[in-house]
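The values are calculated or read from the model by the stated rules, or taken from the named source; none is laboratory data. Keep in mind it's a predicted model, so treat the numbers as computed, not measured. Quick reminder, even Gly has a Cβ in these numbers, built from the backbone with ideal geometry, and neighbours come from all protein chains shown. Side chains included, ligands, DNA and RNA excluded: accessible areas come from the protein's heavy atoms. Shrake-Rupley method; radii C 1.70, N 1.55, O 1.52, S 1.80 Å.
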Amino acid sequence: MHQFEVQPLFGQGWEIAGYQIPFTNSAAWMALTLVVLGLFMLGGMRRELVPGRWQMAVEGFTGFITSMIDTNIGKEGRKFVPYVFSLFMFILFANLLGLLPTAAAGLHAFTVTSHITITGVLAIVSFLLVLVVGFWRHKLHFFSLFVPHGTPTVMVPLIFLIELFSFMFRPISLGLRLFVAMTAGHILLKVLAGFVINGTAGGIMTLAIVSVPSFILMIGISMLEILVAGIQAYVFALLTSLYLNDAINLH
């Protein structure tokens, strides 16, 4: 499990209000994610008359998120496109950078989305945005979200509590889903890598029975992880847009 350890990179870091604030490998890979994402966006925002592949890729992502917002919220949701787009792209790039085989160069990739602290903060920020939008637009009428239309009067208190608890668990499920998916995939790859390495020390028979099948399975799991990286970013952005829709339209 050492691949998930958060470690300081430059000594003990800075002391702020009596606390040591180190610059960790997690912070370094988040910064790298922002740099790579910034370069990707910068290269695709040239607005050439004849778009190149890079510009088409950026426009494809923005169009994809805009279409998702229009479908789930409507034209009124366009104001939230920058936030949902930033959320989607950060998670996507963080997931993909964590899959880079950089260990051969002595640099161990760190998947920041494999930590509940990171995914939890992203989920809480999205949840707070939903609350702010809901109360800003509907004031106390926002609580009607927890009482579906047509609920019998006698059932209102029970349904209200059920819907309220379900609503409060949204950030937990949102952050936990991404955290579990990325952590489980990396653990599985690590286990298979152990089979490959240890199998080579057991002779030709062990190599053929254990190492080779494990290596082939690693290739398949790695390809699946690339797909999961995109799916999890999409699911996070999709659920965020659906929650915003509930706050805006009070369905």
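Comparing ILE91, ILE231, ILE216 in a Gaussian network model of the chain, where Cα atoms under 10 Å apart are tied by springs, the biggest mean-square fluctuation is seen for ILE216.
Membrane-span-like helices of the chain, defined as complete DSSP H segments with a Cα extent of 24 Å or more along the helix axis and a mean Kyte hydropathy of at least 1.6, are identified as 25-43, 116-138.
Around the Cα centre of the chain, unit charges on the Cβ atoms of Lys, Arg, Asp and Glu (plus for the first two, minus for the last two) sum to a dipole of about 380 debye. Fully extending the segment from TRP54 to LEU34 would add 5.4 nm, taking 0.36 nm per residue of separation and subtracting the current Cα-Cα distance.
Close amide H partners of ILE21, meaning residues 5 or more places away or on another chain with modelled amide H under 5 Å apart, are TRP14, GLU15, ILE16.
Estimated from helices alone, the mean residue ellipticity of the chain at 222 nm is -22500 deg cm²/dmol (sum of -39500 (n - 2.57) over DSSP H runs with n ≥ 4, per residue).
Applying 1/(1 + (r/R0)^6) with r as the Cβ-Cβ distance of SER222 and GLN20 and R0 = 25 angstrom yields a FRET efficiency of 0.10.
Ligands, DNA and RNA left out, the accessible area of the stretch 58-205 computed with a 1.4 Å probe is 76% carbon and sulfur.
Per residue, the solvent-accessible area of the stretch 47-160 (1.4 Å probe, heavy atoms of protein chains only, all protein chains present) comes to 58 Å². For a paramagnetic label modelled on GLU76 (point 7 Å from Cα along Cα→Cβ), amide N atoms under 18 Å away belong, within the stretch 111-138, to 129-138. The label-point distance for LEU188 and SER86, in a model that sets each label 7 Å from Cα toward Cβ, rounds to 3.3 nm.
Full-extension gain between PHE215 and SER144, please, as 0.36 nm times their residue separation minus the C-alpha to C-alpha distance.
20.1 nm
Remark on GLY44: its backbone amide H falls under 5 Å from none of the residues 5 or more positions apart or on other chains, H modelled at 1.01 Å from N.
Looking at the chain, which longest stretch skips every one of the GluC sites (Glu not before Pro) that is in a DSSP loop with at most 11 other Cβ atoms within 10 Å, leaving the sites themselves out? Don't jump to the answer; show the numbers that get you there.
Details: sites that count: GLU5, GLU48.
Within the chain, the longest run free of exposed GluC sites (Glu not before Pro) spans 49-251.
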